[in-house]
Amino acid sequence: MKNRFEKIYKQGTLSIVELWVDTETGVNYMFVKDGYGGGLSPLLDENGKPVITK
């Protein structure tokens, strides 16, 4: 079975930035973690539309 989300980029060790791709829709997401906090958001282009990987 294929995983739905695939990590395509990671930066940092204490403050982490990761880019994830939804393999079913192609939508890219940015995950940021710093200490005990974190957040996930769709990655948007210059027009405010989600970045999609084909």
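Points to keep in mind about this one:
- By the rule of a C-alpha distance below 13 Å, with chain neighbours fewer than 8 residues away ignored, the aspartates and glutamates paired with K7 are E18, D22.
- Whole-percent carbon and sulfur share, accessible surface of the chain, 1.4 Å: 57 percent
- Principal axis dimensions, largest first and in whole angstrom, of the chain by Cα: 35, 32, 15
- Taken per residue, the accessible surface of region 14-53 reaches 68 Å², heavy atoms only and a 1.4 Å probe.
- Residues I52 and F31, FRET efficiency given R0 of 22 Å [Cβ-Cβ distance, rounded to 0.05]: 0.80
The values are calculated or read from the model by the stated rules, or taken from the named source; none is laboratory data. Treat the numbers as computed from the prediction; the structure is a model and nothing was measured. We place every Cβ from the backbone using ideal geometry, glycine too, and count neighbours over all the protein chains shown. These area figures cover heavy atoms from the full protein model, side chains too; ligands, DNA and RNA do not enter into them. Shrake-Rupley method; radii C 1.70, N 1.55, O 1.52, S 1.80 Å.
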